[in-house]
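What follows is a short report on a single structure.
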Amino acid sequence: QVQVAESGGGLVQPGGSLRLSCAASRSIFSINTATWYRQTPGNERTWVAALVSGGATNYRESVKGRFTISRDNAKNTVYLQMNSLKPEDTAVYYCNAVVIATSIWGYLRVWGQGTLVTVSS
């Protein structure tokens with residue numbers, strides 16, 4: 001199936017770090033662009049970090065300097081390194097990616113199922 005899967009979430013203390021992964025399935029040849037989103041109950045899903053066409057990165061002001069989005073093309077995986085975590089970072093984090101699917105040899109946009117990050121002491 002054409003899908004991406006997030007992993008790496010969990011419980012961490014304030015000031016701690018986590019690295020989230022967004023791994024492409026075997027039916028995906030490559031990831032073109034990717035955006036990390038997060039959502040808490042009662043709130044809209046908002047973008048956190050983006051890896052855009054050309055390799056540039058964009059970050060939400062509240063996470064700038066603490067979060068880093070990157071990729072490993074050999075592993076067909078996108079990462080979100082999160083440092084100096086705060087309680088307000090607690091959310092379900094989602095990966096959204098534009099990928100090349102081998103079944104059609106064309107572009108598709110896919111969402112992951114999300115991974116929960118809880119920042120608490």
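The values are calculated or read from the model by the stated rules, or taken from the named source; none is laboratory data. In this text the structure is predicted, and so the values were computed from the model without any measurement. As a convention, Cβ positions derive from the backbone with ideal geometry for all residues, glycine included, and neighbour counts pool all protein chains shown. Each accessible area value is taken on the protein alone, full model and side chains, heavy atoms only, with ligands, DNA and RNA left out. Shrake-Rupley method; radii C 1.70, N 1.55, O 1.52, S 1.80 Å.
See the values below:
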{"item": "Selected residue (criterion: surrounded by the most Cβ atoms within 10 Å (Cβ to Cβ)) from residues of the stretch 1-53 that are of a type in the set (Gly, Ala, Ser) and free of Cβ contacts under 8 Å to residues at least 40 places away in the same chain", "result": "49"}
{"item": "Positions within the stretch 93-105 being open to solvent by 20 Å² or more (accessible area, probe 1.4 Å) and either closer than 25 Å to residue 55 by Cβ or assigned to a strand (DSSP E or B) (or both), in sequence order", "result": "94, 98, 100, 102, 104, 105"}
{"item": "Looking only at the stretch 74-92, and only at residues there that are assigned to a loop (DSSP other than H, G, I, E, B) and not small (Gly, Ala, Ser), the one that is most open to solvent (accessible area, probe 1.4 Å)", "result": "75"}
{"item": "Condition check for residue 84: small (Gly, Ala, Ser) and in contact with an Asp or Glu (Cβ under 9 Å, 6 or more places away or on another chain)", "result": "no"}
{"item": "Test: residue 73 is modelled with pLDDT under 95 and within 23 Å of residue 1 (Cβ to Cβ)", "result": "yes"}
